[in-house]
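Each remark here refers to the structure printed beneath this line.
The values are calculated or read from the model by the stated rules, or taken from the named source; none is laboratory data. Only a predicted model underlies this, so the values are computations on that prediction, with no experimental measurement involved. Every residue, glycine among them, receives a Cβ derived from its backbone with ideal geometry; neighbour counts consider all protein chains shown. Each accessible area value is taken on the protein alone, full model and side chains, heavy atoms only, with ligands, DNA and RNA left out. Shrake-Rupley method; radii C 1.70, N 1.55, O 1.52, S 1.80 Å.
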Amino acid sequence: MTADEWEDRVKPCIGCTPVPSSEQLGEELWAVEIPLKSVMVVGTDFNKDAMAKGSSVIGFVASSNFQLARLYSCCMLQNSGSNTANCLQVCMKDAVSKLQACNGQLDHKTKMYRDGVGDGQLKMVVNFEVPQILSAPDECSSGCRRAKLSVVVIRKKCRHRFFIETNRSLQNPPIGTVFDTEATRPEWYDFFLSSQLACQGTVNPTYYNVVYDDNGFNPDHMQHLTYKMCHMYYNWPGLIRVPAPCHYANKLTFLVGQSIHREPSLALADKLFYL
C-alpha cells in the first residue's frame with residue numbers, strides 16, 4: 001500500500017467520536033450462577049494522586065443487583081497520606097440506596113474485598129473501616145436493620161508457589177484450586193486461590209485473609225463466591241486474579257489518580273467509564 005492510499009484510508013476516521021462499548025454503558029455482558037442469595041459484593045482500592053502530593057484516591061465499586069452483574073462506583077479524594085479510608089460510610093450508604101432502587105429490598109449480606117493492605121494494617125481495617133460499613137445501612141431513609149458484613153483482605157503479590165505431581169513431573173495446579181491448609185496460618189481465616197491459567201512459568205496464586213465475618217459463611221461458600229467473582233470482569237473474556245469489583249476499583253483509582261485528579265460525576269456512577 002502506497003502512502004497516498006494509506007492517507008485516503010485514514011482520513012474518514014480522523015475526528016470521529018469513539019463509540020462506547022457495551023460494558024462502558026453499564027450493560028450486563030454475562031453472568032454466572034451465584035451460590036449465595038441476596039449478597040452485595042464490594043471492592044475497594046487505594047491509589048496515589050500523581051499531581052497532589054499526600055492526596056489519596058479511594059475507589060469503591062459495589063454490585064447493585066443480586067445477580068452481581070450491575071455495578072455502582074464511587075471515587076473520592078482525601079488529603080491523608082495513609083491507606084485508611086474515611087469515606088466508606090458515604091459510599092456504602094449510596095450503594096445500599098442503589099441496591100434498594102434496583103431490587104426493592106435492603107435485606108442483604110455484604111462481602112467486601114479490600115486491596116492494598118499489609119499485615120500490619122489488618123487491625124486498622126477492622127477497627128476503623130468496618131464500623132463505617134456497618135453504620136451505613138442504619139442511616140438510610142427506610143431505617144433498615146444493620147446488614148451483616150464479611151471483609152476479605154487481598155494480596156496479589158505473594159511468594160508462595162504450588163504444584164501438583166503428575167507423571168513424575170511438577171505442573172501448575174488446575175484453575176480454581178484452593179489451598180487452605182498447611183501453607184496458611186492457623187490463627188487466621190485465610191486461603192490461597194489459583195484462578196488463572198499460566199501458559200509459561202509458575203502460576204501466582206492470590207492470597208485472601210478474612211479479617212471480619214458476621215455472615216457466618218462457611219469456607220466453601222466464601223471460596224466459591226470468590227472464585228465466581230473472578231469471572232465477572234467485563235473487559236476480559238477469561239478469568240482474572242482477583243474478584244471483579246476489586247479490579248474495577250483498581251481501574252477507577254488509576255484513572256482518577258493519573259488523569260482526572262478530581263471526583264467523577266455522579267451521573268457516571270452506574271457506568272464502567274474507567275475501562
Task: For the chain, convex hull volume per residue from C-alpha positions, Å³ - done: 182
Open item on the list: Sorting check: for 213-220, 41-48, which peptide has the highest mean count of neighbouring beta carbons within 10 Å, and how do the rest follow?
Closed with: 41-48, 213-220
- [ ] Could you tell me which of the pairs K123/K148; K93/K157; K98/K228; K111/K271; K53/K148 are separated by over 29 angstrom between their Cα atoms in the structure shown?
- [x] K93/K157; K53/K148
Task: Highest-fluctuation residue, I164, I240, I260 considered, GNM on the chain with Cα pairs under 10 Å - done: I164
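How high is the FRET efficiency from E263 to T166, r the C-beta distance, R0 41 Å, rounded to 0.05?
On the way: r = 51 Å, r/R0 = 1.25.
Between E263 and T166 the formula returns 0.20.
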- [ ] Give me the distance in nm between label points sitting 7 Å out from Cα along the Cα-to-Cβ direction at T181 and R159, one decimal.
- [x] 2.6
Task: the chain: antiparallel DSSP beta bridges as a percent of all, rounded to 5 - done: 70
Open item on the list: Can you show me the helix-derived [θ] at 222 nm for the chain, built from DSSP H runs with n ≥ 4 at -39,500 (n - 2.57) apiece and divided by the number of residues, rounded to the nearest 500.
Closed with: -6000 deg cm²/dmol
Open item on the list: Test of understanding: extend the Cα→C-beta vector of L29 to 7 Å, then name every residue of segment 235-253 with backbone N under 17 Å from that spot.
Closed with: 235-252
Open item on the list: Can you give the FRET efficiency to the nearest 0.05 for D220 and K53, using r as the Cβ-Cβ distance and R₀ = 35 Å?
Closed with: 0.15
TODO: Kindly report, to the nearest 10 Å², the accessible surface of E33 as traced by a 1.4 Å probe over protein heavy atoms only.
DONE: 140
